[in-house]
1. Any idea which of Trp166, Trp135 is aromatic (Phe, Trp, Tyr) and surrounded by fewer than 22 Cβ atoms within 10 Å (Cβ to Cβ)?
2. Of everything in region 11-31 that's free of Cβ contacts under 8 Å to residues at least 24 places away in the same chain and in a helix (DSSP H, G or I), which residue is surrounded by the fewest Cβ atoms within 10 Å (Cβ to Cβ)?
3. Of the residues in region 138-149, how many are within 18 Å of Thr83 (Cβ to Cβ) and over 20 Å from the mean Cα position of the chain (by Cα)?
4. Could you say which residue among Ala303, Ala351, Ala359 is part of a helix (DSSP H, G or I), under 22 Å from the mean Cα position of the chain (by Cα) and more than 24 Å from Thr105 (Cβ to Cβ)?
5. Looking at Ser275, Ser264, can you tell me which residue is surrounded by fewer than 16 Cβ atoms within 10 Å (Cβ to Cβ) and polar (S, T, N, Q)?
6. Have a look at Asn141, Asn108 and point out the one that is farther than 22 Å from Arg386 by Cα and either among the small types (Gly, Ala, Ser) or buried (at least 18 other Cβ atoms within 10 Å of the Cβ) (or both).
7. Condition (residue is buried (at least 19 other Cβ atoms within 10 Å of the Cβ), touching a strand residue (DSSP E or B) at 6+ places or on another chain (Cβ under 9 Å) and part of a helix (DSSP H, G or I)) applied to region 283-296: is it met by at least one residue?
8. Being polar (S, T, N, Q), within 26 Å of Gly15 (Cβ to Cβ) and in a helix (DSSP H, G or I): is that true of Thr83 here?
Amino acid sequence: MNILVAHNYYKLAGGEDQCVAAEVAMLRAHGHEVTQYCLSNDAIDGMGRLELASRTIWSRPAFLEIRRHIRAHRPQVVHFHNTLPLISPAAYYAARAEGVPVVQTLHNFRLVCVNGLLFRDGKPCEDCLGRKVPWLGVARNCYRDSRAASAAVAAMLAAHRLSGTWRNAVDAYIALSEFSRRKFIEGGLPAHKVAVKFNFVYPDPCPGAGNGGYAVYVGRLSAEKGVEALLKAWQSLGQAVPLKIVGDGPLAPAIQEAAAQNASIEWLRGVPHESVYDLVGAAAFLILPSQCYENAPRVVVEAFAKGTPVVLAGHGAMAELVDGRNGVCFAPGNAEDLAAKVRSLFEDMSALKAMRRAARETFERKFTAEANHEALMTIYARAIDRYSRNFHAMTASGRRATDST
């Protein structure tokens, strides 16, 4: 199959960028021809505010480039990942103009929330869900804590909602969990176009031994990730459970201070991704205390691939990932409950051993590249069929209109 993949890279690489790279590699390994159209947010630094706002709503350069790529490579489908801000929804119309079906993976909640997280003031927020114009996101400076940046994103969302882009210009959406699928449908996306396809890991990193004698956190060091609850839990745990923290972000100074005060906390920066796999595989369990909903976090799938159980905040898509056999949930934002679950689990080696087997079984059942490839091919086929049926219906309607005159 011939596929064009489009993605707008973030300044700080994260799980979404890794998902795109893994999916492209998986598709190529299965014999598909994949062409990539990628932009980077590094280019934003040289833009003025008005130019950036304009491109967020409708990027003419991306529109023209997508058309050029389609004419050069003749893909059977164009698969979009992140389009904010430099690609924009204009790229859907470029594919439409060239007669190619459009698929959009929903890595975050951007189409229904200005900041893309459904999160505000330390807790989940759905105030703009389903609103035609997400004006509250502007009033509250939800995107980058900036009124201007929030207004640009809100204008993009409102303009394309009112013009029917989300309903008509995309043939298939990919949600990464049942929870996120429900939220997008509540937000206005057509239910029949939203399929669920989980994140995956490729290539398979193989199970770790789990003999490191520590817990591990991997991710951005920010408020929505629940880092403050994590540090409070370790204040009460003292030095009972060693903790390795891998990542960087705005709360890095708090991590540095906590590590200086508690010898059981080790902060690791700039760790190569391959080494992160080793750290996760050796850990007793991985902790993801996010206070935002998350959207099928890749790091949990990576932990399962390594046979490492998880301790998760029990809400949103994360609650769907844990069944009591492959990990445990704690009350979101509750540091005392997190500490209690960590202590209990760390002291029960027999339970951890059983959980390791269950975690790996979960990966093999749901999150392998083979399962993902099969699901993706089904979604592509449906998108192509849906586009073809709509095209023929419009053509027939045009003929009838011509005949009636």
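1. Exactly one residue qualifies, and that residue is Trp135.
2. Arg28
3. 1
4. Answer to the selection: Ala359.
5. Being surrounded by fewer than 16 Cβ atoms within 10 Å (Cβ to Cβ) and polar (S, T, N, Q) holds for just one of Ser275, Ser264, which is Ser275.
6. None of the others qualify; the one that does is Asn108.
7. no
8. no
The values are calculated or read from the model by the stated rules, or taken from the named source; none is laboratory data. Just so it is clear, the model here is predicted, and its values are computed rather than measured. A quick note on method: Cβ atoms are made from the backbone with ideal geometry, for glycine too, and the neighbour counts reach across all protein chains shown.
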